[in-house]
Amino acid sequence: MGEEFERGLNVWTIGISGCTSSGKTVLALLLSEIFAPFSPPPQHRSDGSLQVGDLETQLIEGICTVPSTSIIHQDAFFLPKADCPWVTFDCTQAEKPYIQASIRNIDENTAYSYSWSGRNLLSSESIRIIGPNTDCREAVNFKSLLCRVQSAQSGCLVPEIKAAFKAEDADRQKLTEDHADLIRVMREKVASFCRLKTAMNGAKQASYVESNGQRTAELTYSHWIFVEGFLLFSKDVTSNDVDREVGEDETDGSDEDLYAEIDERFKPAVKDEVKRLKAESKQTNQERAIAKQALMNTFDIKLFLPTSKEVAKQRRLARPPYVDEPIRRRKLGQMWKTEGYFDEVVWRGYEKDFDWLLTKAEQIEVDGVFVRAVDASVNDTVHWAVEVILGMLGSKSQKQQYWSSKPNQA
(Lines give C-alpha, C1' and ligand atoms only; values in the text may rest on other atoms or scores of the structure.)
Protein backbone atom coordinates (compact mmCIF):
# COMPACT_ATOMS: atom_id res chain seq x y z
CA MET A 1 0.00 0.00 0.00
CA GLY A 2 2.78 2.45 0.82
CA GLU A 3 5.36 1.14 -1.68
CA GLU A 4 4.35 3.38 -4.60
CA PHE A 5 3.87 6.49 -2.49
CA GLU A 6 6.42 9.29 -2.80
CA ARG A 7 6.48 11.89 -0.07
CA GLY A 8 7.02 15.49 -1.10
CA LEU A 9 10.09 17.35 0.07
CA ASN A 10 10.08 19.52 3.19
CA VAL A 11 7.23 17.78 5.00
CA TRP A 12 7.22 16.81 8.67
CA THR A 13 4.41 14.60 10.03
CA ILE A 14 3.59 14.47 13.75
CA GLY A 15 1.34 11.72 15.18
CA ILE A 16 -0.49 12.50 18.44
CA SER A 17 -2.32 9.73 20.28
CA GLY A 18 -3.75 8.89 23.68
CA CYS A 19 -7.04 7.88 25.26
CA THR A 20 -10.27 9.83 25.00
CA SER A 21 -10.07 13.36 26.46
CA SER A 22 -6.28 13.32 26.80
CA GLY A 23 -5.86 16.65 24.97
CA LYS A 24 -4.94 15.40 21.48
CA THR A 25 -7.03 17.88 19.51
CA VAL A 26 -6.00 20.85 21.64
CA LEU A 27 -2.32 19.97 21.28
CA ALA A 28 -2.61 19.53 17.50
CA LEU A 29 -4.30 22.90 17.08
CA LEU A 30 -1.82 24.74 19.30
CA LEU A 31 1.18 23.16 17.58
CA SER A 32 -0.25 24.11 14.20
CA GLU A 33 -0.25 27.74 15.36
CA ILE A 34 3.20 27.55 16.95
CA PHE A 35 4.92 26.06 13.90
CA ALA A 36 3.16 28.22 11.30
CA PRO A 37 5.55 30.66 9.53
CA PHE A 38 5.83 34.09 11.05
CA SER A 39 3.52 36.54 9.33
CA PRO A 40 4.97 39.32 7.19
CA PRO A 41 4.65 42.94 8.42
CA PRO A 42 1.10 44.36 8.08
CA GLN A 43 0.41 46.01 4.72
CA HIS A 44 -1.19 49.46 4.77
CA ARG A 45 -3.29 51.19 2.15
CA SER A 46 -2.39 54.66 0.89
CA ASP A 47 -4.72 56.20 3.49
CA GLY A 48 -2.88 54.39 6.28
CA SER A 49 -5.59 51.80 7.00
CA LEU A 50 -4.79 48.10 7.28
CA GLN A 51 -5.54 45.81 4.37
CA VAL A 52 -8.21 43.13 4.83
CA GLY A 53 -6.90 40.27 6.94
CA ASP A 54 -4.13 42.20 8.68
CA LEU A 55 -6.31 43.04 11.67
CA GLU A 56 -6.69 39.33 12.37
CA THR A 57 -2.93 38.95 12.03
CA GLN A 58 -2.37 41.55 14.74
CA LEU A 59 -4.85 40.10 17.22
CA ILE A 60 -2.29 37.60 18.40
CA GLU A 61 1.32 38.43 17.62
CA GLY A 62 2.91 35.90 15.34
CA ILE A 63 -0.19 33.96 14.30
CA CYS A 64 -0.03 33.25 10.58
CA THR A 65 -3.23 33.83 8.59
CA VAL A 66 -2.02 31.70 5.66
CA PRO A 67 -1.39 28.27 7.19
CA SER A 68 1.43 25.99 6.14
CA THR A 69 0.18 23.41 8.62
CA SER A 70 -2.47 20.72 8.27
CA ILE A 71 -4.48 18.92 10.94
CA ILE A 72 -6.03 15.52 10.27
CA HIS A 73 -8.50 14.10 12.80
CA GLN A 74 -8.86 10.32 13.03
CA ASP A 75 -12.43 10.83 14.27
CA ALA A 76 -13.41 12.14 10.83
CA PHE A 77 -12.85 8.62 9.48
CA PHE A 78 -15.32 6.64 11.61
CA LEU A 79 -17.34 3.99 9.82
CA PRO A 80 -21.16 4.07 10.11
CA LYS A 81 -22.34 2.49 13.37
CA ALA A 82 -24.08 -0.26 11.40
CA ASP A 83 -20.64 -1.41 10.19
CA CYS A 84 -19.05 -1.50 13.65
CA PRO A 85 -18.75 -4.66 15.77
CA TRP A 86 -21.23 -5.05 18.60
CA VAL A 87 -20.39 -4.99 22.29
CA THR A 88 -22.29 -5.57 25.54
CA PHE A 89 -22.05 -3.35 28.61
CA ASP A 90 -24.02 -2.47 31.77
CA CYS A 91 -25.53 0.85 32.70
CA THR A 92 -24.66 2.46 36.03
CA GLN A 93 -27.22 3.23 38.73
CA ALA A 94 -26.82 6.97 38.14
CA GLU A 95 -27.73 6.65 34.49
CA LYS A 96 -30.77 4.39 34.85
CA PRO A 97 -33.24 7.21 34.18
CA TYR A 98 -31.48 8.05 30.92
CA ILE A 99 -31.32 4.38 29.90
CA GLN A 100 -34.97 3.80 30.80
CA ALA A 101 -36.06 6.83 28.79
CA SER A 102 -33.99 5.60 25.86
CA ILE A 103 -35.60 2.15 26.03
CA ARG A 104 -39.08 3.65 26.04
CA ASN A 105 -38.12 5.24 22.72
CA ILE A 106 -36.51 2.08 21.37
CA ASP A 107 -38.28 2.37 18.01
CA GLU A 108 -36.30 5.54 17.38
CA ASN A 109 -32.98 3.97 18.42
CA THR A 110 -32.63 0.83 16.34
CA ALA A 111 -28.83 0.75 16.66
CA TYR A 112 -29.16 -0.78 20.15
CA SER A 113 -30.96 -3.62 21.89
CA TYR A 114 -31.60 -3.98 25.60
CA SER A 115 -32.19 -6.60 28.29
CA TRP A 116 -32.86 -6.30 32.01
CA SER A 117 -33.38 -8.42 35.09
CA GLY A 118 -36.46 -8.26 37.30
CA ARG A 119 -40.16 -8.20 36.50
CA ASN A 120 -40.18 -4.89 34.69
CA LEU A 121 -37.90 -2.14 33.52
CA LEU A 122 -38.53 0.23 36.40
CA SER A 123 -37.67 -2.31 39.12
CA SER A 124 -34.73 -3.92 37.36
CA GLU A 125 -31.51 -4.51 39.25
CA SER A 126 -29.40 -4.11 36.13
CA ILE A 127 -29.79 -3.20 32.49
CA ARG A 128 -27.59 -4.67 29.77
CA ILE A 129 -27.06 -2.80 26.54
CA ILE A 130 -25.93 -4.32 23.26
CA GLY A 131 -24.79 -1.96 20.55
CA PRO A 132 -22.01 -0.80 18.22
CA ASN A 133 -18.49 -0.38 19.53
CA THR A 134 -17.22 2.86 18.03
CA ASP A 135 -14.02 2.85 20.10
CA CYS A 136 -12.14 -0.01 18.45
CA ARG A 137 -9.90 -0.27 15.39
CA GLU A 138 -12.70 -1.96 13.41
CA ALA A 139 -14.68 1.29 13.68
CA VAL A 140 -12.10 3.38 11.80
CA ASN A 141 -11.41 3.47 8.07
CA PHE A 142 -7.61 3.44 8.36
CA LYS A 143 -7.23 3.02 4.61
CA SER A 144 -8.94 6.35 3.92
CA LEU A 145 -7.07 7.97 6.81
CA LEU A 146 -3.75 6.79 5.38
CA CYS A 147 -4.67 8.14 1.94
CA ARG A 148 -5.51 11.52 3.46
CA VAL A 149 -2.15 11.70 5.26
CA GLN A 150 -0.23 10.66 2.15
CA SER A 151 -2.08 13.23 0.04
CA ALA A 152 -1.03 15.95 2.47
CA GLN A 153 2.55 14.65 2.50
CA SER A 154 2.72 14.70 -1.29
CA GLY A 155 1.80 18.38 -1.35
CA CYS A 156 -1.94 18.12 -1.95
CA LEU A 157 -3.34 20.51 0.64
CA VAL A 158 -6.86 19.44 1.51
CA PRO A 159 -9.39 21.20 3.77
CA GLU A 160 -9.48 20.04 7.38
CA ILE A 161 -12.34 17.61 8.02
CA LYS A 162 -13.77 18.16 11.49
CA ALA A 163 -15.92 15.63 13.28
CA ALA A 164 -19.18 17.33 14.26
CA PHE A 165 -18.77 16.50 17.95
CA LYS A 166 -15.32 18.15 18.07
CA ALA A 167 -16.81 21.64 17.80
CA GLU A 168 -15.68 22.77 21.25
CA ASP A 169 -12.21 21.17 21.15
CA ALA A 170 -11.51 22.31 17.60
CA ASP A 171 -12.43 25.99 18.09
CA ARG A 172 -9.16 27.43 16.80
CA GLN A 173 -10.04 31.06 17.47
CA LYS A 174 -10.99 30.41 21.10
CA LEU A 175 -7.88 28.30 21.69
CA THR A 176 -5.56 30.92 20.24
CA GLU A 177 -7.20 33.60 22.36
CA ASP A 178 -7.11 31.52 25.56
CA HIS A 179 -3.49 30.48 25.02
CA ALA A 180 -2.12 33.57 23.28
CA ASP A 181 0.75 34.02 25.76
CA LEU A 182 1.74 30.36 25.51
CA ILE A 183 1.72 30.50 21.70
CA ARG A 184 3.80 33.68 21.72
CA VAL A 185 6.42 32.20 24.06
CA MET A 186 6.65 28.96 22.07
CA ARG A 187 6.90 30.80 18.76
CA GLU A 188 9.79 32.79 20.17
CA LYS A 189 11.38 29.49 21.15
CA VAL A 190 11.01 28.29 17.56
CA ALA A 191 12.46 31.60 16.34
CA SER A 192 15.46 31.14 18.65
CA PHE A 193 15.97 27.67 17.22
CA CYS A 194 15.84 29.11 13.71
CA ARG A 195 18.27 31.86 14.67
CA LEU A 196 20.76 29.34 16.01
CA LYS A 197 20.46 27.01 13.01
CA THR A 198 20.86 29.94 10.61
CA ALA A 199 24.08 30.96 12.35
CA MET A 200 25.38 27.38 12.26
CA ASN A 201 24.60 26.31 8.72
CA GLY A 202 22.98 29.10 6.75
CA ALA A 203 19.45 28.52 5.51
CA LYS A 204 19.73 24.77 5.06
CA GLN A 205 17.65 23.96 8.14
CA ALA A 206 16.09 27.30 9.09
CA SER A 207 16.07 30.98 8.26
CA TYR A 208 15.84 33.96 10.58
CA VAL A 209 15.71 37.60 9.46
CA GLU A 210 15.22 40.84 11.40
CA SER A 211 14.31 44.02 9.56
CA ASN A 212 13.02 47.23 11.14
CA GLY A 213 11.99 45.35 14.25
CA GLN A 214 9.97 42.78 12.31
CA ARG A 215 11.00 39.16 12.83
CA THR A 216 10.70 36.41 10.26
CA ALA A 217 11.66 32.89 11.28
CA GLU A 218 11.00 29.73 9.38
CA LEU A 219 12.04 26.10 9.45
CA THR A 220 12.85 24.96 5.95
CA TYR A 221 10.29 22.15 6.26
CA SER A 222 7.62 23.78 4.13
CA HIS A 223 4.66 21.93 5.59
CA TRP A 224 3.71 20.48 8.97
CA ILE A 225 1.06 17.78 9.26
CA PHE A 226 -0.44 17.03 12.68
CA VAL A 227 -2.47 13.80 12.84
CA GLU A 228 -4.42 13.15 16.03
CA GLY A 229 -6.48 10.14 17.08
CA PHE A 230 -7.03 7.76 19.98
CA LEU A 231 -6.09 4.62 18.01
CA LEU A 232 -3.01 5.77 16.07
CA PHE A 233 -0.50 3.93 18.29
CA SER A 234 -2.71 1.02 19.33
CA LYS A 235 -1.24 -2.46 19.23
CA ASP A 236 -0.52 -3.85 15.77
CA VAL A 237 -2.66 -6.71 14.47
CA THR A 238 -0.96 -9.86 13.15
CA SER A 239 -2.26 -12.30 10.55
CA ASN A 240 -2.97 -14.78 13.37
CA ASP A 241 -5.09 -12.14 15.11
CA VAL A 242 -7.07 -11.64 11.90
CA ASP A 243 -7.69 -15.39 11.57
CA ARG A 244 -8.95 -15.61 15.15
CA GLU A 245 -11.25 -12.59 14.73
CA VAL A 246 -12.82 -13.98 11.57
CA GLY A 247 -13.09 -17.55 12.84
CA GLU A 248 -10.85 -19.16 10.28
CA ASP A 249 -10.93 -22.64 11.82
CA GLU A 250 -13.55 -24.60 9.88
CA THR A 251 -13.35 -27.66 12.15
CA ASP A 252 -14.39 -26.25 15.50
CA GLY A 253 -18.12 -26.60 14.85
CA SER A 254 -18.73 -22.98 15.85
CA ASP A 255 -21.30 -22.54 13.06
CA GLU A 256 -23.35 -25.67 13.77
CA ASP A 257 -25.93 -23.75 15.79
CA LEU A 258 -26.39 -21.49 12.78
CA TYR A 259 -27.07 -24.43 10.48
CA ALA A 260 -29.15 -26.54 12.89
CA GLU A 261 -32.55 -25.04 12.06
CA ILE A 262 -31.92 -24.69 8.33
CA ASP A 263 -33.61 -26.98 5.85
CA GLU A 264 -31.13 -29.51 4.40
CA ARG A 265 -31.92 -28.28 0.90
CA PHE A 266 -30.61 -24.81 1.71
CA LYS A 267 -27.62 -25.69 3.91
CA PRO A 268 -25.04 -25.81 1.06
CA ALA A 269 -26.04 -22.33 -0.12
CA VAL A 270 -25.99 -20.95 3.43
CA LYS A 271 -22.57 -22.47 4.11
CA ASP A 272 -21.21 -20.98 0.90
CA GLU A 273 -22.55 -17.57 1.89
CA VAL A 274 -21.02 -17.82 5.38
CA LYS A 275 -17.71 -18.82 3.84
CA ARG A 276 -17.87 -15.87 1.45
CA LEU A 277 -18.64 -13.43 4.26
CA LYS A 278 -15.76 -14.77 6.35
CA ALA A 279 -13.35 -14.41 3.45
CA GLU A 280 -14.58 -10.87 2.83
CA SER A 281 -14.22 -10.01 6.52
CA LYS A 282 -10.71 -11.46 6.61
CA GLN A 283 -9.65 -9.41 3.60
CA THR A 284 -11.10 -6.23 5.14
CA ASN A 285 -9.30 -6.87 8.43
CA GLN A 286 -6.02 -7.58 6.67
CA GLU A 287 -6.29 -4.38 4.64
CA ARG A 288 -7.06 -2.45 7.83
CA ALA A 289 -4.03 -3.94 9.59
CA ILE A 290 -1.74 -3.12 6.64
CA ALA A 291 -3.06 0.44 6.40
CA LYS A 292 -2.66 1.02 10.12
CA GLN A 293 0.93 -0.23 10.12
CA ALA A 294 1.71 1.95 7.09
CA LEU A 295 0.13 4.91 8.88
CA MET A 296 2.34 4.33 11.92
CA ASN A 297 5.38 4.37 9.64
CA THR A 298 4.44 7.75 8.13
CA PHE A 299 4.99 9.62 11.38
CA ASP A 300 8.32 11.40 11.79
CA ILE A 301 7.56 12.08 15.46
CA LYS A 302 5.09 10.22 17.69
CA LEU A 303 3.67 11.91 20.80
CA PHE A 304 1.68 9.86 23.34
CA LEU A 305 -0.49 11.54 26.00
CA PRO A 306 -1.20 9.09 28.86
CA THR A 307 -4.10 10.09 31.09
CA SER A 308 -5.49 8.54 34.27
CA LYS A 309 -8.91 6.91 34.17
CA GLU A 310 -10.35 9.39 36.65
CA VAL A 311 -9.25 12.45 34.68
CA ALA A 312 -10.25 11.01 31.29
CA LYS A 313 -13.69 10.00 32.59
CA GLN A 314 -14.35 13.37 34.23
CA ARG A 315 -13.32 15.29 31.11
CA ARG A 316 -15.28 13.08 28.71
CA LEU A 317 -18.55 13.07 30.62
CA ALA A 318 -18.35 16.83 31.26
CA ARG A 319 -18.24 17.68 27.56
CA PRO A 320 -21.41 19.28 26.15
CA PRO A 321 -22.16 16.36 23.78
CA TYR A 322 -22.21 14.01 26.81
CA VAL A 323 -24.60 16.07 28.96
CA ASP A 324 -28.35 15.59 28.50
CA GLU A 325 -30.59 17.88 26.50
CA PRO A 326 -31.83 20.58 26.83
CA ILE A 327 -28.79 21.80 28.79
CA ARG A 328 -26.35 20.22 26.35
CA ARG A 329 -26.56 17.86 23.38
CA ARG A 330 -26.82 14.22 24.52
CA LYS A 331 -29.94 12.74 22.97
CA LEU A 332 -31.84 9.66 24.05
CA GLY A 333 -30.32 6.45 22.73
CA GLN A 334 -26.73 7.70 22.45
CA MET A 335 -25.37 4.88 24.59
CA TRP A 336 -21.73 5.50 23.68
CA LYS A 337 -22.02 8.65 25.79
CA THR A 338 -22.76 6.79 29.04
CA GLU A 339 -20.59 6.05 32.04
CA GLY A 340 -21.09 2.29 31.64
CA TYR A 341 -19.85 2.41 28.06
CA PHE A 342 -16.76 4.34 29.18
CA ASP A 343 -15.95 1.89 31.99
CA GLU A 344 -16.56 -1.38 30.16
CA VAL A 345 -15.75 -0.51 26.54
CA VAL A 346 -13.64 2.63 26.17
CA TRP A 347 -11.25 2.19 29.08
CA ARG A 348 -10.89 -1.58 28.78
CA GLY A 349 -10.12 -1.22 25.09
CA TYR A 350 -7.58 1.51 25.79
CA GLU A 351 -5.74 -0.60 28.37
CA LYS A 352 -5.71 -3.58 26.01
CA ASP A 353 -4.61 -1.73 22.86
CA PHE A 354 -1.99 0.42 24.58
CA ASP A 355 -0.53 -1.99 27.13
CA TRP A 356 2.78 -1.93 25.23
CA LEU A 357 3.06 1.77 26.10
CA LEU A 358 1.21 1.94 29.42
CA THR A 359 3.44 -0.65 31.09
CA LYS A 360 6.42 1.61 30.31
CA ALA A 361 4.72 4.96 30.86
CA GLU A 362 7.48 6.09 33.23
CA GLN A 363 9.94 6.10 30.33
CA ILE A 364 10.56 9.22 28.25
CA GLU A 365 10.56 7.26 24.99
CA VAL A 366 9.24 3.79 24.15
CA ASP A 367 10.12 2.24 20.78
CA GLY A 368 10.21 5.61 19.03
CA VAL A 369 7.15 7.03 20.81
CA PHE A 370 7.70 10.01 23.12
CA VAL A 371 5.62 9.70 26.29
CA ARG A 372 4.25 12.72 28.14
CA ALA A 373 3.85 12.82 31.92
CA VAL A 374 0.46 11.46 33.04
CA ASP A 375 -2.28 14.12 33.35
CA ALA A 376 0.06 16.97 32.40
CA SER A 377 -1.54 20.39 31.93
CA VAL A 378 -2.00 22.05 28.54
CA ASN A 379 0.89 24.39 29.27
CA ASP A 380 3.24 21.58 30.30
CA THR A 381 2.14 19.40 27.37
CA VAL A 382 2.85 22.12 24.80
CA HIS A 383 6.27 22.89 26.32
CA TRP A 384 7.11 19.17 26.26
CA ALA A 385 5.91 18.67 22.68
CA VAL A 386 7.84 21.67 21.34
CA GLU A 387 11.00 20.48 23.12
CA VAL A 388 10.62 17.03 21.57
CA ILE A 389 10.02 18.39 18.06
CA LEU A 390 12.91 20.86 18.16
CA GLY A 391 15.14 18.19 19.66
CA MET A 392 14.34 15.81 16.82
CA LEU A 393 14.87 18.55 14.24
CA GLY A 394 18.19 19.43 15.84
CA SER A 395 19.27 15.81 15.73
CA LYS A 396 18.31 15.56 12.06
CA SER A 397 20.20 18.77 11.35
CA GLN A 398 23.36 17.42 12.95
CA LYS A 399 23.16 14.21 10.94
CA GLN A 400 22.65 16.09 7.68
CA GLN A 401 25.52 18.45 8.49
CA TYR A 402 27.80 15.49 9.24
CA TRP A 403 27.03 13.68 5.98
CA SER A 404 27.23 16.86 3.89
CA SER A 405 30.74 17.46 5.23
CA LYS A 406 31.93 14.01 4.14
CA PRO A 407 33.94 13.96 0.89
CA ASN A 408 32.22 12.46 -2.15
CA GLN A 409 33.24 8.80 -2.32
CA ALA A 410 32.06 8.29 -5.87
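Numbers below:
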read-out	value
Residues satisfying the stated conditions in region 289-312, i.e. in a helix (DSSP H, G or I) and out of contact with any helix residue (DSSP H, G or I) (no Cβ under 6 Å at 6 or more places or on another chain)	289, 290, 293, 296, 297, 310, 311, 312
Scope region 262-310; condition under 28 Å from residue 346 (Cα atoms) and loosely packed, with under 15 Cβ neighbours inside 10 Å; matching residues	277, 280, 283, 287, 297, 308, 309, 310
Residue within region 170-184 that is at pLDDT below 95 and either closer than 26 Å to residue 352 by Cα or assigned to a loop (DSSP other than H, G, I, E, B) (or both) present	yes
Pairs, first at pLDDT 95 or above in region 344-358, second aliphatic (A, V, I, L, M) and not in a helix (DSSP H, G or I), C-beta under 6 Å, six or more apart	345/87
Subset of region 313-332 [among the aliphatic types (A, V, I, L, M) and assigned to a helix (DSSP H, G or I)]	317, 318
All positions within region 333-366 that are in a loop (DSSP other than H, G, I, E, B), of a type outside the set (Val, Ile, Thr) and surrounded by 18 or more Cβ atoms within 10 Å (Cβ to Cβ)	333, 334, 354
Residues of region 106-148 classified as outside any strand (DSSP E or B) and either of a type in the set (Ser, Thr, Tyr) or modelled with pLDDT of 85 or more (or both), total	21
Hey, residue 151 outside any helix (DSSP H, G or I), surrounded by 15 or more Cβ atoms within 10 Å (Cβ to Cβ) and either among the polar types (S, T, N, Q) or modelled with pLDDT of 60 or more (or both) or not	no
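Residue-wise test of (1) among the charged types (D, E, K, R); (2) at pLDDT 95 or above; (3) on the phi > 0 side of the Ramachandran plot.
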| position | (1), (2), (3) |
| --- | --- |
| 263 | yes, no, no |
| 276 | yes, no, no |
| 290 | no, no, no |
| 307 | no, yes, no |
| 327 | no, no, no |
| 331 | yes, no, no |
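The values are calculated or read from the model by the stated rules, or taken from the named source; none is laboratory data. A quick note: this is a predicted structure, and the numbers were derived from the prediction, not measured. For neighbour counting, all protein chains shown are included, and Cβ atoms are generated from backbone atoms with ideal geometry for every residue, glycine included.
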